[in-house]
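Student: Handing you this structure, nothing more for now.
Each value in this text was obtained by applying a stated rule to the coordinates, not by laboratory testing. Being a predicted model, the structure only gives us computed values, none of them experimental. Reconstructed Cβ throughout: ideal geometry from the backbone, glycine too, with neighbour counts over all protein chains shown.
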Ligand code: ADP
C-alpha cells in the first residue's frame, strides 16, 4: 500500500503540530468535537432540504470512549461522513489559502503564531497522537473508507466496511516523555472535564461511558463500580443561555473553538431582540486579523441558525463589508428551516436582522472608542483600514455611519484622535480641519507647508495610510468644518498685510513667472508665496487630486492617467527670489537652468520622482562649479 504525500504546506504545519510547540494541547478534543458537531448539522440540514435523506434526530450524537491499555481515544459521530475524495481533500490538505508563509529558523512564538492564524482544526490531534485512523461513510456513498496517518510522512486511504453513516476517529496517544504527560488524556475524569470546559454548548449529545461509585453495603462501607452511558454536555447553545450566568471564559472558549482562533476575542457583543423580528446574536471582534483577511479568499459572514439548527455557515448578507472582520452566530425564529439560499437573500427578515446587527456593532464600537480607548486603539490598528475603506467605498454612501469611528494622528496630541475630538478643540478663529498626507509622520513633518499651520498653533492631522485621503475627501466636512490639505491652495492663513505683499510681488514679476511656467511645462503656474518659513520652494496642488493621491493612482496597475495639477511656489523672502529676478534680467540661459533645478527640488520634497535625473544632476554640478 503506497503512502500518499501531504501537500508541502500541510506537511510543514503538521511538522509544527507533531513537534507540538503549542502549549495548550487540550484543545485537540474541542476541535474534533466541533468537526463532529458540524457534520451532524450538515446531515440534519440535508435531511430537511432533501426528501431522499431520512434522519432520526434522536440518533444524531457524538460518542467518546477510551482504552487505557491500547492507549486510544475514539471520537465517533453519526454526521454526514466523508467520501473517499473528501477524506483526501479535507484531511490531506490544510491551510486552503496556500498563503502560508514559512520562514527558516522561526522562533517558538512565530511558530505558535502561524498555527494561531490558521486554526489548525483536525491536525491539532497530532499534538497528542502518533497515529490517527479516520473511518468514515458518507451520506452520499455506500462504501466506507479508512484514512490513516502516522504524521508528516504521508497517509493511506483504504476501503472498509462500516454499517452506518458517520465518522469514527481513533487517536493513538503518544507515549509520555520527560516533559509531557499524554496519559492524562486516557482518563475518564480528564476527558469529562475537557468536554464540559470547551464543548458544553454543542447542541448534540456528547455521550461517554462513565463509572458510578455505589455504596453497596452501608455497614461494611463497601463500594461497587457501575458503568453507564451518560450525556456529558448541557447542550444549551451559549447564546440561548442566561447572559448573567455566562463567564468570560465561556465566551472566549466558545469563540476560539467555533472560529478556530488560538487567541481570545477582543470584544464580545451580545444581543437579544424581540418585536418586529426575534433573534439572538453572539458576535465577536477578533483580536487580530485572520491570515487571509486582506486577500480575495477571505469570506465574511455570520453563522445563521433558526431555532438552534444551523442553516448557513457563513451568511455574508448579515454583515456589511466594512464590518467583515466580525465573527459570530445569529439564531432566529423568523426564518423557515428549509429556506433556499435564493429566498434567503430576498428575505425581509434577514435584511432587518442585518440592519440591526450593523447598528449594534457600530454603537458598540462608538462606546468602546469613548470609554475604553486603549482597546479601541488596538482594534483600530488591526481593522481601521477596513473602516476608512468603508467611508469612501460605494461613492461614500456609508460615510455618515462611519465618520465617527475613524481616527487620524494628531500633531498636538501625538496620538490618534477622532474628527469630533479635533473639531471640539479647534482654536478660536480656526475655520478648517487641517491635514497633510505623506508616507510617514516624519516625512510629513519635513514638508515645507506644515510649518505654517503649526506656527498658528493649530492641530494638524497626519494622513499616513494610502486610504486616508480618499476617506477624508469622501467625508468632505465635519460639523460644518471643511477639510484643508496643507499642500493645497486654500489654506488662507496669512494676514491681510502679508497677502498684499505677496500680491504685489507677483504682479511686479508677472513676466518672469510666466517665462518660468513656460520653461517648466509640467506646472500650471509659478508663484511667489510667503507661507513658506524656511524652505525655498514647494509644490502646491490645485483641484481634487493631491500629490499623495496621484502617487496611489501611479501605483495602480492600470494607468488612469490621473494627474495632480501643480503650482510651483517660491518663497518670496528667500535669497533665491532675488537671485532669480537678477538672472532673469541678465542671463536668460542661466535663469532657465535655475528654474529647472528649483522645480526638481520641489518634486524631491514632495516625494515625487524626477524624470530626467542625469540632466538635473549635471545642471546642479554646472551651477555649483561656477
Ligand atoms: P475546519 O473544521 O476548520 O474546516 P479541519 O481541518 O478541522 O478544518 O477539517 C477539515 C474538513 O474535514 C472539515 O471542513 C470537514 O469538511 C471535514 N471533516 C472533519 N471532521 C469531520 C467529521 N467528523 N465528519 C465529516 N467531515 C469532517
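Student: Any chance you could check the Cα centroid distance between the range 151-192 and the range 425-479 for me, in angstrom?
Tutor: 60
Student: Further question: Suppose the chain between residue 209 and residue 562 were pulled fully straight at 0.36 nm per residue; how much longer would it get relative to their current alpha carbon spacing?
Tutor: Fully extending the segment from residue 209 to residue 562 adds 119.9 nm.
Student: Let me know the volume per residue of the alpha-carbon convex hull for the chain, in Å³.
Tutor: 231
Student: Based on a Kirkwood Rh over C-alpha pairs, give the Stokes-Einstein translational diffusion coefficient of the range 305-464 at 20 °C and viscosity 1.002 mPa s in µm²/s.
Tutor: 117
Student: At 0.36 nm per residue, and after removing the present C-alpha to C-alpha distance, how many nm does the segment from residue 454 to residue 51 gain when stretched out fully?
Tutor: This chain segment gains 137.8 nm when fully extended.
Student: Another question, then. Separation between the residue 295 and residue 363 pseudo-spin-labels, each 7 Å from Cα along Cα→Cβ, expressed in nm?
Tutor: For the pair residue 295/residue 363, the computed spacing is 3.7 nm.
Student: Where does helix 613-624 land angle-wise versus the long Cα axis of the chain, in degrees 0 to 90, nearest 10?
Tutor: 40
Student: Report the full-extension gain for the segment residue 241 to residue 521: residue separation times 0.36 nm, less the Cα-Cα distance, to one decimal in nm.
Tutor: 93.6 nm
Student: Then there's this: Can you give the FRET efficiency to the nearest 0.05 for residue 479 and residue 588, using r as the Cβ-Cβ distance and R₀ = 51 Å?
Tutor: For residue 479 and residue 588, the calculated efficiency is 0.45.
Student: Neighbour counts of other C-beta atoms within 10 Å: give me 498, 148 arranged from fewest to most.
Tutor: Ordered from fewest to most neighbouring Cβ atoms within 10 Å, 498, 148 come out as 498, 148.
Student: Label-point separation (nm) for residue 250 and residue 504, each offset 7 Å from Cα along Cα-to-Cβ?
Tutor: 8.0
Student: How big, in percent, is the set of alpha carbon pairs in the range 426-470 lying more than 16 Å apart?
Tutor: 37
Student: Return the FRET efficiency for the residue pair residue 226, residue 427: r is the Cβ-Cβ distance, R0 is 60 Å, and the value is rounded to the nearest 0.05.
Tutor: About 0.15, to the nearest 0.05.
Student: Something else now. Expressed as an acute angle from 0 to 90° and rounded to the nearest 10, what is the orientation of the C-alpha long axis of helix 575-586 relative to the principal long axis of the chain?
Tutor: Between the helix axis and the principal axis of the chain, the angle is about 50 degrees.
Student: Still on this structure, please answer the following. Taking each pair of different alpha-carbon atoms in the range 491-569 once, compute 1/r for the pair, average those values, and report the inverse of that mean as the Kirkwood hydrodynamic radius in Å to one decimal.
Tutor: 14.3
Student: In whole angstrom, how far apart do the alpha carbon centroids of the range 305-367 and the range 501-561 sit?
Tutor: 51
Student: While we're looking at this one, here's another question. Under Stokes-Einstein, with the Kirkwood radius over Cα pairs standing in for Rh, what whole-number D in µm²/s applies to the range 140-250 at 20 °C and 1.002 mPa s?
Tutor: D, rounded to a whole number, is 116 µm²/s.
Student: Distances over 19 Å make up what percent of all Cα-Cα pairs in the range 229-283?
Tutor: That tail contains 37 percent of the Cα-Cα pairs.
Student: Now, a different point. Measure nothing fancy, just the Cα-based angle from helix 588-605's long axis to the longest principal axis of the chain, in degrees from 0 to 90, nearest 10.
Tutor: Roughly 20 degrees between the two axes.
Student: Can you give the helix-only mean residue ellipticity at 222 nm for the chain, where every DSSP H stretch with n ≥ 4 adds -39500 (n - 2.57) and the sum goes over all residues, rounded to the nearest 500 deg cm²/dmol?
Tutor: The per-residue figure over the chain is -11500 deg cm²/dmol.
Student: Next up: Give, as ranges by residue number, the residues of the range 291-335 whose backbone N falls under 15 Å from the point 7 Å along Cα→Cβ of residue 355.
Tutor: Hits in the range 291-335 for residue 355 at 15 Å: 318-320.
Student: At what distance in angstrom do the alpha carbon centres of the range 283-302 and the range 583-625 lie from each other?
Tutor: So the two Cα centres are separated by 50 Å.
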